[in-house]
Amino acid sequence: MLHEMNQMPDVHTLNVNDNFNGAQNNRGVDSDFSVMPDNNMVDPGFSVMPDNNMIDPDFSVPPVWFPGGPGPVIPCGNCLPMPQPTRGFSIRFLNASPVHSNLTIQVDNRTILTNMDFAEVSRYRQYSRGFHRITIMAPNGLVYLQQNMFFGYNSTIAIVSINNRMAINAFPDGGCNTSFNTSCLRVCNLAYASGAVNVTLPNAFMSFTNTQPGNAGSFSRLQSGTYSVNVARSARPAVNLLSTFINLNPNRIYTLYVMNWNPSPDTIRILLVEDMR
């Protein structure tokens, strides 16, 4: 279960050599820090309903609930009605690596997350504009990745697995106008084992085609409501890999993340996440 450290990060800019490979400070985190509540408290109004009967039986598919369906949509707990931040940028983390779990994440040598498992998303945190050092570790202190990344936008930083090696990608959030009866949706492909994908919403006459791994498409605005979703490989024959339903609430912005729940091409799941404006 993901634990978030209730400690504000430093907001000063660090200029650290990109090739830094120094030893980590593996001191234990103060047990007096508060942690976020578990994910059972997600608003049930955001829940979605999988439809596993429509998955091609010739392909290897996940179990009925986890990680086959998209699960509950991840709401943005500190987005609305919170106004735009006046200083710095809002950054959150998503673990989209099917081979890395129970992660500890540090930013500028401060532990901000522990026990981060696959398909978990953190809340947004504020950071200053500039380069910040990100360290991702196993529970025993083994460093999987240490990298300097420039924070210049409200972003989601995705932890991914490329050929079983960890990497991180940043995707700017927001940038779409909604109203009392519309939502915004985009598709981000983090399924590196599957290649390019097509995502279609048949009853919205909408498609996001040929989205390459490591890329997020543009936002599209549509009426709020419940929609069927199909995910297929872009390569011919475009065999459908997953069919399910999502619910889009009004005046919200969403990213639909496509991920591999296992490092093989046909193991697809989705995660619908609400974004900051």
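Can you confirm whether residue 228 is in contact with a Leu (Cβ under 9 Å, 6 or more places away or on another chain), at pLDDT 95 or above, part of a strand (DSSP E or B) and farther than 17 Å from residue 274 by Cβ?
Considered against the rule, which asks whether it is in contact with a Leu (Cβ under 9 Å, 6 or more places away or on another chain), at pLDDT 95 or above, part of a strand (DSSP E or B) and farther than 17 Å from residue 274 by Cβ, residue 228 comes out as yes.
Is there a residue in region 153-160 that is touching a helix residue (DSSP H, G or I) at 6+ places or on another chain (Cβ under 7 Å), at pLDDT 95 or above and buried (at least 19 other Cβ atoms within 10 Å of the Cβ)?
So far as region 153-160 goes, no, none of its residues is touching a helix residue (DSSP H, G or I) at 6+ places or on another chain (Cβ under 7 Å), at pLDDT 95 or above and buried (at least 19 other Cβ atoms within 10 Å of the Cβ).
Kindly list the number of the only condition in (1) within 27 Å of residue 91 (Cα to Cα); (2) modelled with pLDDT under 95; (3) hydrophobic (A, V, I, L, M, F, W, C) that fails for residue 235.
(1)
Go through 190, 142, 201 for me and flag whichever is without any contact (Cβ under 8 Å) to a residue 60 or more places away in the chain and either within 20 Å of residue 97 (Cα to Cα) or touching a helix residue (DSSP H, G or I) at 6+ places or on another chain (Cβ under 9 Å) (or both).
Within the list 190, 142, 201, the selection yields 142.
Name the residue, out of 236, 252, 186, that is surrounded by 15 or more Cβ atoms within 10 Å (Cβ to Cβ) and more than 30 Å from residue 133 (Cβ to Cβ).
The match here is 252.
Do any strands (runs of 3 or more DSSP E) lying entirely in region 97-143 carry at least 2 residues that are farther than 24 Å from residue 256 by Cβ and among the hydroxyl-bearing types (Ser, Thr, Tyr), and which ones are they?
110-116
Filter region 195-216 down to the residues that are surrounded by fewer than 19 Cβ atoms within 10 Å (Cβ to Cβ) and within 21 Å of residue 179 (Cα to Cα) and list them by number.
Hits for region 195-216 are 203, 204, 205, 206.
Within region 160-202, track down each residue that is among the aromatic types (Phe, Trp, Tyr) and part of a strand (DSSP E or B).
Result: 171, single match.
Any residue at all in region 209-222 that is without any contact (Cβ under 8 Å) to a residue 12 or more places away in the chain and farther than 20 Å from residue 275 by Cβ?
Checked against the condition, which is being without any contact (Cβ under 8 Å) to a residue 12 or more places away in the chain and farther than 20 Å from residue 275 by Cβ, region 209-222 yields no hits at all.
Give the residues of region 85-96 that are part of a loop (DSSP other than H, G, I, E, B) and either of a type in the set (S, T, N, Q) or surrounded by 20 or more Cβ atoms within 10 Å (Cβ to Cβ) (or both), sorted by residue number.
Those that are part of a loop (DSSP other than H, G, I, E, B) and either of a type in the set (S, T, N, Q) or surrounded by 20 or more Cβ atoms within 10 Å (Cβ to Cβ) (or both): 86, 96.
Listed residues 207, 218, 224; which is in contact with a Lys or Arg (Cβ under 7 Å, 6 or more places away or on another chain) and among the hydroxyl-bearing types (Ser, Thr, Tyr)?
Just one listed residue meets the conditions, 218.
The values are calculated or read from the model by the stated rules, or taken from the named source; none is laboratory data. Quick caveat, the model's predicted, so the values are computed rather than measured. Cβ atoms come from the backbone with ideal geometry, glycine included; neighbour counts cover every protein chain shown.
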